[in-house]
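The values are calculated or read from the model by the stated rules, or taken from the named source; none is laboratory data. If you're wondering where the values come from, they're calculated on a predicted model, not measured in any experiment. In this analysis, Cβ positions are derived from the backbone assuming ideal geometry, glycine residues included, and neighbour counts consider all displayed protein chains.
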(Lines give C-alpha, C1' and ligand atoms only; values in the text may rest on other atoms or scores of the structure.)
Protein backbone atom coordinates (compact mmCIF):
# COMPACT_ATOMS: atom_id res chain seq x y z
CA UNK A 1 0.00 0.00 0.00
CA UNK A 2 1.50 3.31 -1.09
CA UNK A 3 1.33 6.55 0.77
CA UNK A 4 -1.55 8.61 -0.70
CA UNK A 5 0.62 11.65 -1.48
CA UNK A 6 3.25 9.48 -3.17
CA UNK A 7 0.53 7.71 -5.15
CA UNK A 8 -0.87 11.04 -6.28
CA UNK A 9 2.57 12.24 -7.44
CA UNK A 10 3.12 8.98 -9.34
CA UNK A 11 -0.33 9.28 -10.89
CA UNK A 12 0.42 12.79 -12.15
CA UNK A 13 3.72 11.69 -13.65
CA UNK A 14 1.97 8.78 -15.40
CA UNK A 15 -0.60 11.16 -16.89
CA UNK A 16 1.89 13.85 -17.85
CA UNK A 17 4.40 11.42 -19.37
CA UNK A 18 1.68 9.80 -21.49
CA UNK A 19 2.28 6.30 -20.08
CA UNK A 20 1.59 3.80 -22.86
CA UNK A 21 -0.61 1.51 -20.73
CA UNK A 22 -2.62 4.42 -19.46
CA UNK A 23 -3.12 5.84 -22.98
CA UNK A 24 -4.20 2.43 -24.26
CA UNK A 25 -6.75 2.02 -21.48
CA UNK A 26 -8.11 5.54 -21.90
CA UNK A 27 -8.34 5.13 -25.68
CA UNK A 28 -10.27 1.87 -25.38
CA UNK A 29 -12.59 3.38 -22.78
CA UNK A 30 -13.39 6.30 -25.03
CA UNK A 31 -13.81 4.09 -28.11
CA UNK A 32 -16.21 1.73 -26.31
CA UNK A 33 -18.26 4.39 -24.54
CA UNK A 34 -18.47 6.82 -27.46
CA UNK A 35 -19.51 4.02 -29.83
CA UNK A 36 -22.10 2.81 -27.33
CA UNK A 37 -23.39 6.38 -26.92
CA UNK A 38 -23.61 6.80 -30.69
CA UNK A 39 -25.47 3.51 -31.07
CA UNK A 40 -27.80 4.32 -28.17
CA UNK A 41 -28.57 7.72 -29.74
CA UNK A 42 -29.31 6.08 -33.10
CA UNK A 43 -31.80 3.76 -31.39
CA UNK A 44 -33.04 5.91 -28.52
CA UNK A 45 -33.59 9.28 -30.20
CA UNK A 46 -36.02 8.12 -32.92
CA UNK A 47 -37.83 5.90 -30.41
CA UNK A 48 -38.04 8.78 -27.92
CA UNK A 49 -39.33 11.05 -30.68
CA UNK A 50 -41.88 8.47 -31.81
CA UNK A 51 -43.25 8.08 -28.29
CA UNK A 52 -43.24 11.88 -27.93
CA UNK A 53 -45.43 12.48 -30.99
CA UNK A 54 -47.79 9.50 -30.85
CA UNK A 55 -50.64 8.58 -28.59
CA UNK A 56 -51.45 4.89 -28.37
CA UNK A 57 -52.97 2.43 -25.98
CA UNK A 58 -50.40 1.38 -23.40
CA UNK A 59 -48.29 4.53 -23.87
CA UNK A 60 -48.18 5.16 -20.14
CA UNK A 61 -47.01 1.61 -19.54
CA UNK A 62 -44.23 2.15 -22.09
CA UNK A 63 -43.20 5.38 -20.34
CA UNK A 64 -43.12 3.66 -16.95
CA UNK A 65 -41.09 0.78 -18.37
CA UNK A 66 -38.56 3.04 -20.10
CA UNK A 67 -38.19 5.19 -16.98
CA UNK A 68 -37.68 2.06 -14.89
CA UNK A 69 -35.07 0.77 -17.34
CA UNK A 70 -33.06 3.98 -16.78
CA UNK A 71 -32.05 2.47 -13.47
CA UNK A 72 -30.94 -0.88 -14.90
CA UNK A 73 -28.13 -2.27 -12.72
CA UNK A 74 -25.01 -2.61 -14.91
CA UNK A 75 -24.16 -6.04 -13.50
CA UNK A 76 -27.60 -7.34 -14.50
CA UNK A 77 -27.13 -5.99 -18.03
CA UNK A 78 -23.69 -7.55 -18.07
CA UNK A 79 -25.10 -10.87 -16.94
CA UNK A 80 -27.87 -10.85 -19.56
CA UNK A 81 -25.43 -9.98 -22.34
CA UNK A 82 -23.02 -12.62 -21.01
CA UNK A 83 -25.74 -15.29 -21.12
CA UNK A 84 -26.53 -14.38 -24.72
CA UNK A 85 -22.93 -14.19 -25.93
CA UNK A 86 -21.46 -17.14 -24.04
CA UNK A 87 -20.76 -20.30 -26.00
CA UNK A 88 -23.99 -21.91 -24.78
CA UNK A 89 -26.04 -18.77 -25.44
CA UNK A 90 -28.15 -17.99 -28.52
CA UNK A 91 -25.50 -15.61 -29.91
CA UNK A 92 -22.49 -17.64 -28.81
CA UNK A 93 -21.62 -18.51 -32.41
CA UNK A 94 -20.62 -14.86 -32.97
CA UNK A 95 -17.65 -15.29 -30.64
CA UNK A 96 -18.05 -11.80 -29.18
CA UNK A 97 -17.63 -12.54 -25.49
CA UNK A 98 -14.59 -10.84 -23.95
CA UNK A 99 -14.23 -8.43 -26.86
CA UNK A 100 -14.71 -4.66 -27.01
CA UNK A 101 -17.81 -5.30 -29.17
CA UNK A 102 -19.45 -7.16 -26.28
CA UNK A 103 -18.68 -4.21 -24.04
CA UNK A 104 -20.23 -1.82 -26.58
CA UNK A 105 -23.35 -4.00 -26.75
CA UNK A 106 -23.69 -4.05 -22.96
CA UNK A 107 -23.22 -0.29 -22.62
CA UNK A 108 -25.63 0.38 -25.48
CA UNK A 109 -28.31 -1.69 -23.72
CA UNK A 110 -27.55 0.12 -20.48
CA UNK A 111 -27.88 3.67 -21.81
CA UNK A 112 -30.49 3.38 -24.57
CA UNK A 113 -33.35 3.72 -22.05
CA UNK A 114 -31.66 6.83 -20.63
CA UNK A 115 -31.37 8.41 -24.08
CA UNK A 116 -34.93 7.40 -24.97
CA UNK A 117 -36.55 8.63 -21.75
CA UNK A 118 -34.71 11.95 -21.56
CA UNK A 119 -35.09 12.70 -25.27
CA UNK A 120 -38.79 11.85 -25.12
CA UNK A 121 -39.32 14.61 -22.58
CA UNK A 122 -37.28 17.17 -24.53
CA UNK A 123 -38.99 16.29 -27.82
CA UNK A 124 -42.48 16.17 -26.34
CA UNK A 125 -42.06 19.75 -25.07
CA UNK A 126 -40.88 20.89 -28.49
CA UNK A 127 -43.63 18.97 -30.24
CA UNK A 128 -46.24 20.77 -28.13
CA UNK A 129 -44.98 23.96 -29.78
CA UNK A 130 -44.76 22.57 -33.32
CA UNK A 131 -47.69 20.14 -33.40
CA UNK A 132 -50.31 22.31 -35.11
CA UNK A 133 -47.83 23.56 -37.69
CA UNK A 134 -46.78 19.99 -38.45
CA UNK A 135 -50.41 18.87 -38.78
CA UNK A 136 -51.14 21.83 -41.00
CA UNK A 137 -48.25 20.85 -43.27
CA UNK A 138 -49.51 17.24 -43.31
CA UNK A 139 -46.05 15.92 -42.44
CA UNK A 140 -45.40 12.21 -42.13
CA UNK A 141 -44.24 10.80 -38.79
CA UNK A 142 -40.78 10.36 -40.21
CA UNK A 143 -40.62 14.01 -41.29
CA UNK A 144 -41.85 15.12 -37.87
CA UNK A 145 -39.31 12.97 -36.00
CA UNK A 146 -36.45 14.23 -38.18
CA UNK A 147 -37.50 17.87 -37.75
CA UNK A 148 -37.90 17.54 -33.99
CA UNK A 149 -34.53 15.84 -33.51
CA UNK A 150 -32.80 18.46 -35.66
CA UNK A 151 -34.42 21.41 -33.90
CA UNK A 152 -33.76 19.97 -30.45
CA UNK A 153 -30.17 19.03 -31.34
CA UNK A 154 -28.55 21.24 -28.73
CA UNK A 155 -30.82 20.04 -25.92
CA UNK A 156 -30.23 16.48 -27.08
CA UNK A 157 -26.49 16.95 -26.70
CA UNK A 158 -27.09 17.09 -22.96
CA UNK A 159 -29.10 13.88 -23.24
CA UNK A 160 -26.21 12.24 -25.11
CA UNK A 161 -23.85 13.50 -22.45
CA UNK A 162 -25.94 11.89 -19.71
CA UNK A 163 -25.73 8.60 -21.62
CA UNK A 164 -21.99 8.92 -22.17
CA UNK A 165 -21.45 9.73 -18.51
CA UNK A 166 -23.30 6.62 -17.46
CA UNK A 167 -21.44 4.46 -20.00
CA UNK A 168 -17.92 5.64 -19.29
CA UNK A 169 -18.37 5.41 -15.52
CA UNK A 170 -19.95 1.97 -15.24
CA UNK A 171 -17.86 -1.02 -14.28
CA UNK A 172 -20.18 -3.98 -13.71
CA UNK A 173 -21.31 -4.70 -17.25
CA UNK A 174 -17.94 -4.27 -18.96
CA UNK A 175 -16.24 -6.34 -16.28
CA UNK A 176 -18.60 -9.28 -16.91
CA UNK A 177 -18.69 -9.24 -20.72
CA UNK A 178 -15.19 -7.84 -21.30
CA UNK A 179 -13.33 -9.78 -18.65
CA UNK A 180 -10.86 -6.93 -17.99
CA UNK A 181 -8.21 -8.56 -20.21
CA UNK A 182 -4.97 -6.61 -20.37
CA UNK A 183 -4.35 -4.94 -23.76
CA UNK A 184 -7.72 -6.20 -25.03
CA UNK A 185 -10.73 -5.24 -22.92
CA UNK A 186 -9.27 -3.32 -20.00
CA UNK A 187 -10.98 0.05 -19.66
CA UNK A 188 -10.58 2.81 -17.10
CA UNK A 189 -13.19 1.64 -14.61
CA UNK A 190 -12.17 -2.01 -14.64
CA UNK A 191 -8.49 -1.04 -14.43
CA UNK A 192 -9.18 1.25 -11.46
CA UNK A 193 -11.02 -1.58 -9.68
CA UNK A 194 -8.20 -4.04 -10.41
CA UNK A 195 -5.30 -1.75 -9.54
CA UNK A 196 -6.98 -0.64 -6.32
CA UNK A 197 -7.49 -4.24 -5.25
CA UNK A 198 -3.82 -4.96 -6.08
CA UNK A 199 -2.70 -1.93 -4.09
CA UNK A 200 -1.25 -0.06 -7.11
CA UNK A 201 -2.86 3.24 -6.27
CA UNK A 202 -0.75 5.31 -8.69
CA UNK A 203 -2.25 3.83 -11.85
CA UNK A 204 -5.71 3.72 -10.26
CA UNK A 205 -5.46 7.38 -9.28
CA UNK A 206 -4.00 8.34 -12.66
CA UNK A 207 -6.91 6.70 -14.42
CA UNK A 208 -9.31 8.30 -11.95
CA UNK A 209 -7.84 11.71 -12.76
CA UNK A 210 -8.21 11.12 -16.49
CA UNK A 211 -11.79 9.95 -15.98
CA UNK A 212 -12.62 13.11 -14.05
CA UNK A 213 -10.94 15.34 -16.63
CA UNK A 214 -12.84 13.64 -19.44
CA UNK A 215 -16.13 14.04 -17.58
CA UNK A 216 -15.45 17.70 -16.84
CA UNK A 217 -14.15 18.37 -20.35
CA UNK A 218 -17.13 16.82 -22.10
CA UNK A 219 -19.51 18.67 -19.76
CA UNK A 220 -17.75 21.96 -20.41
CA UNK A 221 -17.81 21.40 -24.17
CA UNK A 222 -21.51 20.57 -24.24
CA UNK A 223 -22.35 23.45 -21.94
CA UNK A 224 -20.43 25.85 -24.14
CA UNK A 225 -22.22 24.54 -27.25
CA UNK A 226 -25.58 24.95 -25.53
CA UNK A 227 -24.77 28.51 -24.49
CA UNK A 228 -23.77 29.36 -28.05
CA UNK A 229 -27.02 27.83 -29.25
CA UNK A 230 -29.06 29.79 -26.71
CA UNK A 231 -27.30 32.99 -27.76
CA UNK A 232 -28.33 32.29 -31.35
CA UNK A 233 -31.83 31.20 -30.31
CA UNK A 234 -31.34 27.72 -31.71
CA UNK A 235 -31.91 26.00 -28.34
CA UNK B 1 -71.06 41.58 -54.12
CA UNK B 2 -74.18 39.60 -53.59
CA UNK B 3 -75.33 38.66 -50.14
CA UNK B 4 -74.64 35.07 -49.14
CA UNK B 5 -76.86 34.16 -46.31
CA UNK B 6 -75.77 32.51 -43.16
CA UNK B 7 -77.69 29.49 -42.04
CA UNK B 8 -77.42 28.80 -38.41
CA UNK B 9 -79.24 25.69 -37.43
CA UNK B 10 -80.19 27.16 -34.07
CA UNK B 11 -82.10 30.34 -34.83
CA UNK B 12 -81.02 33.71 -36.11
CA UNK B 13 -80.67 32.55 -39.70
CA UNK B 14 -81.17 34.82 -42.69
CA UNK B 15 -81.99 32.16 -45.22
CA UNK B 16 -82.39 28.42 -45.02
CA UNK B 17 -80.17 27.17 -47.87
CA UNK B 18 -76.42 27.50 -48.25
CA UNK B 19 -74.88 27.81 -51.72
CA UNK B 20 -74.31 24.59 -53.56
CA UNK B 21 -70.76 23.28 -53.68
CA UNK B 22 -69.06 24.61 -56.78
CA UNK B 23 -66.44 21.91 -57.30
CA UNK B 24 -63.79 24.54 -56.66
CA UNK B 25 -61.47 23.27 -53.92
CA UNK B 26 -61.38 26.80 -52.52
CA UNK B 27 -65.08 26.64 -51.64
CA UNK B 28 -65.68 25.46 -48.09
CA UNK B 29 -69.01 23.95 -47.16
CA UNK B 30 -69.88 22.84 -43.68
CA UNK B 31 -73.09 21.20 -42.59
CA UNK B 32 -74.25 20.59 -39.05
CA UNK B 33 -70.72 21.40 -37.90
CA UNK B 34 -70.36 21.18 -34.14
CA UNK B 35 -67.64 20.78 -31.56
CA UNK B 36 -68.03 19.92 -27.90
CA UNK B 37 -65.26 19.46 -25.39
CA UNK B 38 -66.05 17.64 -22.15
CA UNK B 39 -69.74 18.07 -22.90
CA UNK B 40 -69.48 21.84 -23.41
CA UNK B 41 -70.61 22.91 -26.88
CA UNK B 42 -68.08 25.36 -28.32
CA UNK B 43 -69.22 25.36 -31.93
CA UNK B 44 -72.90 24.71 -32.62
CA UNK B 45 -74.49 23.31 -35.74
CA UNK B 46 -72.93 25.57 -38.37
CA UNK B 47 -74.21 25.38 -41.93
CA UNK B 48 -72.69 27.44 -44.69
CA UNK B 49 -70.96 27.50 -48.05
CA UNK B 50 -68.30 30.17 -48.39
CA UNK B 51 -67.49 32.07 -51.56
CA UNK B 52 -64.46 30.42 -53.20
CA UNK B 53 -62.84 33.76 -53.98
CA UNK B 54 -61.84 36.89 -52.11
CA UNK B 55 -61.12 37.47 -48.45
CA UNK B 56 -63.60 36.14 -45.93
CA UNK B 57 -63.24 37.62 -42.46
CA UNK B 58 -64.44 35.59 -39.51
CA UNK B 59 -65.42 38.00 -36.76
CA UNK B 60 -66.91 37.85 -33.33
CA UNK B 61 -66.10 38.51 -29.71
CA UNK B 62 -63.73 36.37 -27.62
CA UNK B 63 -65.00 32.83 -27.20
CA UNK B 64 -67.19 33.03 -30.30
CA UNK B 65 -65.51 29.95 -31.79
CA UNK B 66 -63.76 31.74 -34.68
CA UNK B 67 -60.39 30.04 -34.29
CA UNK B 68 -62.07 26.70 -33.67
CA UNK B 69 -64.03 27.10 -36.91
CA UNK B 70 -60.79 27.77 -38.78
CA UNK B 71 -59.16 24.68 -37.26
CA UNK B 72 -62.21 22.57 -38.04
CA UNK B 73 -62.16 23.76 -41.65
CA UNK B 74 -58.46 22.91 -41.96
CA UNK B 75 -58.86 19.56 -40.23
CA UNK B 76 -56.60 20.39 -37.27
CA UNK B 77 -59.38 19.27 -34.97
CA UNK B 78 -62.11 16.75 -35.66
CA UNK B 79 -65.72 17.91 -35.33
CA UNK B 80 -68.03 16.32 -32.79
CA UNK B 81 -70.80 16.47 -35.38
CA UNK B 82 -71.33 17.47 -38.98
CA UNK B 83 -68.87 17.58 -41.83
CA UNK B 84 -66.59 19.86 -43.78
CA UNK B 85 -66.02 19.68 -47.50
CA UNK B 86 -64.03 21.72 -49.97
CA UNK B 87 -65.40 21.91 -53.51
CA UNK B 88 -67.79 19.13 -52.64
CA UNK B 89 -64.99 16.79 -51.57
CA UNK B 90 -64.62 15.68 -47.97
CA UNK B 91 -61.52 17.08 -46.30
CA UNK B 92 -58.52 14.88 -47.14
CA UNK B 93 -54.77 15.16 -46.75
CA UNK B 94 -54.56 15.99 -50.45
CA UNK B 95 -56.94 18.92 -49.99
CA UNK B 96 -55.14 20.02 -46.84
CA UNK B 97 -51.86 20.11 -48.74
CA UNK B 98 -53.50 22.71 -50.99
CA UNK B 99 -54.09 24.87 -47.91
CA UNK B 100 -51.81 26.79 -45.55
CA UNK B 101 -52.48 28.04 -42.09
CA UNK B 102 -50.93 30.99 -40.31
CA UNK B 103 -51.31 31.04 -36.55
CA UNK B 104 -51.74 33.96 -34.18
CA UNK B 105 -48.43 33.12 -32.52
CA UNK B 106 -46.10 32.25 -35.38
CA UNK B 107 -44.48 28.85 -35.05
CA UNK B 108 -40.83 29.51 -35.80
CA UNK B 109 -38.46 26.58 -36.18
CA UNK B 110 -35.12 26.78 -34.38
CA UNK B 111 -33.26 27.42 -37.61
CA UNK B 112 -32.26 30.28 -39.82
CA UNK B 113 -34.90 32.32 -41.65
CA UNK B 114 -33.96 30.67 -44.95
CA UNK B 115 -34.02 27.17 -43.39
CA UNK B 116 -37.55 27.82 -42.12
CA UNK B 117 -38.76 28.32 -45.70
CA UNK B 118 -36.57 25.51 -47.01
CA UNK B 119 -38.23 23.17 -44.50
CA UNK B 120 -41.67 23.69 -46.04
CA UNK B 121 -40.37 23.52 -49.60
CA UNK B 122 -38.48 20.30 -48.81
CA UNK B 123 -41.59 18.81 -47.20
CA UNK B 124 -43.27 19.29 -50.60
CA UNK B 125 -40.27 17.79 -52.39
CA UNK B 126 -38.97 21.13 -53.69
CA UNK B 127 -35.32 22.17 -53.43
CA UNK B 128 -35.12 25.58 -54.99
CA UNK B 129 -33.04 28.30 -53.36
CA UNK B 130 -34.17 30.91 -55.88
CA UNK B 131 -37.81 30.27 -55.03
CA UNK B 132 -37.00 30.55 -51.33
CA UNK B 133 -35.15 33.81 -51.89
CA UNK B 134 -38.04 35.17 -53.95
CA UNK B 135 -40.44 34.35 -51.12
CA UNK B 136 -38.19 36.03 -48.56
CA UNK B 137 -37.84 39.09 -50.79
CA UNK B 138 -41.63 39.18 -51.16
CA UNK B 139 -42.02 39.50 -47.38
CA UNK B 140 -39.00 41.83 -47.01
CA UNK B 141 -36.87 39.30 -45.15
CA UNK B 142 -34.21 38.47 -47.71
CA UNK B 143 -31.57 40.48 -45.89
CA UNK B 144 -32.28 38.41 -42.75
CA UNK B 145 -32.10 35.08 -44.63
CA UNK B 146 -29.18 33.69 -42.66
CA UNK B 147 -30.15 35.01 -39.24
CA UNK B 148 -31.68 32.76 -36.58
CA UNK B 149 -35.44 33.03 -37.10
CA UNK B 150 -36.21 33.25 -33.41
CA UNK B 151 -34.26 36.47 -33.13
CA UNK B 152 -36.65 38.25 -35.53
CA UNK B 153 -39.20 40.70 -34.16
CA UNK B 154 -42.83 39.61 -33.77
CA UNK B 155 -43.85 41.25 -37.04
CA UNK B 156 -40.89 39.73 -38.90
CA UNK B 157 -41.65 36.28 -37.49
CA UNK B 158 -45.22 36.59 -38.71
CA UNK B 159 -43.98 37.64 -42.17
CA UNK B 160 -41.72 34.59 -42.13
CA UNK B 161 -44.76 32.46 -41.26
CA UNK B 162 -46.52 34.05 -44.24
CA UNK B 163 -43.57 33.28 -46.52
CA UNK B 164 -43.71 29.66 -45.38
CA UNK B 165 -47.47 29.57 -45.92
CA UNK B 166 -47.07 30.98 -49.43
CA UNK B 167 -44.20 28.59 -50.26
CA UNK B 168 -46.63 25.82 -51.15
CA UNK B 169 -48.65 28.13 -53.45
CA UNK B 170 -51.82 27.31 -51.52
CA UNK B 171 -55.31 27.50 -52.97
CA UNK B 172 -56.57 28.52 -49.54
CA UNK B 173 -54.87 30.38 -46.70
CA UNK B 174 -56.41 30.21 -43.26
CA UNK B 175 -55.19 32.97 -40.97
CA UNK B 176 -55.91 33.00 -37.27
CA UNK B 177 -55.52 36.59 -36.07
CA UNK B 178 -52.11 36.91 -37.71
CA UNK B 179 -51.79 40.60 -36.86
CA UNK B 180 -52.87 40.47 -33.24
CA UNK B 181 -50.46 42.47 -31.04
CA UNK B 182 -48.33 43.71 -33.96
CA UNK B 183 -47.41 47.32 -34.58
CA UNK B 184 -49.35 49.24 -37.28
CA UNK B 185 -46.52 49.12 -39.84
CA UNK B 186 -46.26 45.33 -39.50
CA UNK B 187 -50.04 45.01 -39.74
CA UNK B 188 -50.12 47.01 -42.98
CA UNK B 189 -47.24 45.00 -44.48
CA UNK B 190 -48.98 41.75 -43.67
CA UNK B 191 -52.24 43.06 -45.09
CA UNK B 192 -50.42 43.97 -48.32
CA UNK B 193 -49.04 40.43 -48.59
CA UNK B 194 -52.45 38.92 -47.91
CA UNK B 195 -54.13 41.11 -50.51
CA UNK B 196 -51.45 40.22 -53.03
CA UNK B 197 -52.01 36.51 -52.38
CA UNK B 198 -55.75 37.00 -52.84
CA UNK B 199 -55.19 38.81 -56.15
CA UNK B 200 -53.14 35.83 -57.31
CA UNK B 201 -56.15 33.60 -56.71
CA UNK B 202 -55.70 32.31 -53.18
CA UNK B 203 -58.86 32.17 -51.13
CA UNK B 204 -58.27 33.85 -47.76
CA UNK B 205 -60.09 32.99 -44.53
CA UNK B 206 -59.02 35.53 -41.93
CA UNK B 207 -60.00 35.66 -38.26
CA UNK B 208 -59.90 39.13 -36.73
CA UNK B 209 -61.40 41.33 -34.01
CA UNK B 210 -60.28 44.47 -35.77
CA UNK B 211 -63.13 46.35 -37.45
CA UNK B 212 -60.70 48.65 -39.27
CA UNK B 213 -58.93 45.63 -40.70
CA UNK B 214 -62.27 44.17 -41.77
CA UNK B 215 -63.11 47.42 -43.57
CA UNK B 216 -59.73 47.38 -45.32
CA UNK B 217 -59.61 43.73 -46.33
CA UNK B 218 -62.91 41.90 -46.18
CA UNK B 219 -64.98 40.97 -49.17
CA UNK B 220 -67.41 39.11 -46.96
CA UNK B 221 -67.81 38.54 -43.26
CA UNK B 222 -68.85 35.60 -41.13
CA UNK B 223 -70.07 36.76 -37.74
CA UNK B 224 -70.08 34.32 -34.84
CA UNK B 225 -71.16 34.62 -31.23
CA UNK B 226 -71.06 31.94 -28.52
CA UNK B 227 -70.30 29.19 -31.02
CA UNK B 228 -73.17 30.11 -33.31
CA UNK B 229 -73.06 31.60 -36.76
CA UNK B 230 -75.21 34.71 -36.79
CA UNK B 231 -74.50 36.41 -40.09
CA UNK B 232 -72.68 35.86 -43.35
CA UNK B 233 -72.71 38.49 -46.02
CA UNK B 234 -70.93 41.18 -47.98
CA UNK B 235 -68.58 43.18 -45.79
CA UNK B 236 -70.10 46.55 -46.68
CA UNK B 237 -73.56 45.39 -45.81
CA UNK B 238 -72.53 43.69 -42.59
CA UNK B 239 -70.50 46.67 -41.38
CA UNK B 240 -73.15 49.25 -42.27
CA UNK B 241 -76.37 47.33 -41.68
CA UNK B 242 -75.91 44.30 -39.45
CA UNK B 243 -79.09 42.32 -39.17
CA UNK B 244 -78.77 40.63 -35.82
CA UNK B 245 -78.78 42.18 -32.38
CA UNK B 246 -75.48 40.43 -31.52
CA UNK B 247 -73.72 41.83 -34.59
CA UNK B 248 -75.00 45.35 -33.87
CA UNK B 249 -73.78 45.07 -30.29
CA UNK B 250 -70.41 43.76 -31.46
CA UNK B 251 -69.92 46.54 -33.98
CA UNK B 252 -70.82 49.11 -31.35
CA UNK B 253 -68.33 47.60 -28.93
CA UNK B 254 -70.98 46.38 -26.52
CA UNK B 255 -70.03 42.68 -26.70
CA UNK B 256 -66.63 41.96 -25.29
CA UNK B 257 -67.03 38.31 -24.41
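Here residue A:87 meets each of (1) under 23 Å from residue A:186 (Cα atoms); (2) at pLDDT 95 or above with one exception, condition (2). State yes or no: is residue B:120 out of contact with any strand residue (DSSP E or B) (no Cβ under 6 Å at 6 or more places or on another chain) and surrounded by 14 or more Cβ atoms within 10 Å (Cβ to Cβ)? Yes. Residue count for the stretch B:126-143, restricted to those that are crowded, with 20+ Cβ neighbours inside 10 Å and without any contact (Cβ under 8 Å) to a residue 40 or more places away in the chain: 4. Go through the stretch B:188-215 and report how many residues are closer than 14 Å to residue B:58 by Cα and in contact (Cβ under 8 Å) with a residue 24 or more places away in the chain. Here the count works out to 12.
The requirement of being away from every other protein chain (no Cβ under 14 Å) and in contact with a helix residue (DSSP H, G or I) (Cβ under 9 Å, 6 or more places away or on another chain) is fulfilled somewhere in the stretch B:87-107, by at least one residue. Checking each residue in the stretch A:166-190 for being free of Cβ contacts under 8 Å to residues at least 60 places away in the same chain and out of contact with any helix residue (DSSP H, G or I) (no Cβ under 6 Å at 6 or more places or on another chain) picks out A:169, A:182.
Within the set B:175, B:224, the sole residue that is within 14 Å of chain A (Cβ to nearest Cβ) and either out of contact with any helix residue (DSSP H, G or I) (no Cβ under 7 Å at 6 or more places or on another chain) or touching a residue at least 12 places away in the same chain (Cβ under 8 Å) (or both) turns out to be B:175. Contact annotation: residue pairs with Cβ atoms under 6 Å, 6 or more positions apart or on different chains, pairing a residue in the stretch B:58-82 that is surrounded by fewer than 17 Cβ atoms within 10 Å (Cβ to Cβ) with a partner that is assigned to a loop (DSSP other than H, G, I, E, B), are B:62/B:257; B:63/B:257.
Could you tell me whether any residue of the stretch B:106-124 is outside any helix (DSSP H, G or I) and without any contact (Cβ under 8 Å) to a residue 12 or more places away in the chain? No, there is no match, as no residue in the stretch B:106-124 is outside any helix (DSSP H, G or I) and without any contact (Cβ under 8 Å) to a residue 12 or more places away in the chain. Evaluate the following for residue B:165: is it within 30 Å of residue B:32 (Cα to Cα), touching a strand residue (DSSP E or B) at 6+ places or on another chain (Cβ under 9 Å) and assigned to a helix (DSSP H, G or I)? Taking the combined requirement at face value, the residue satisfies it.
Among residues of the stretch A:123-148 that are facing chain B (nearest Cβ under 9 Å) and at positive phi, those with a beta-carbon under 7 Å from a residue that is in a helix (DSSP H, G or I) and surrounded by 15 or more Cβ atoms within 10 Å (Cβ to Cβ) at least six positions away or on a different chain give the pairs A:138/B:96; A:138/B:97.
Looking at A:162, A:106, just one residue is away from every other protein chain (no Cβ under 14 Å) and at pLDDT below 95, and that residue is A:162. When the stretch B:181-209 is limited to residues that are under 29 Å from residue A:233 (Cα atoms) and within 13 Å of the chain's Cα centre (by Cα), the one that is surrounded by the fewest Cβ atoms within 10 Å (Cβ to Cβ) turns out to be B:191.
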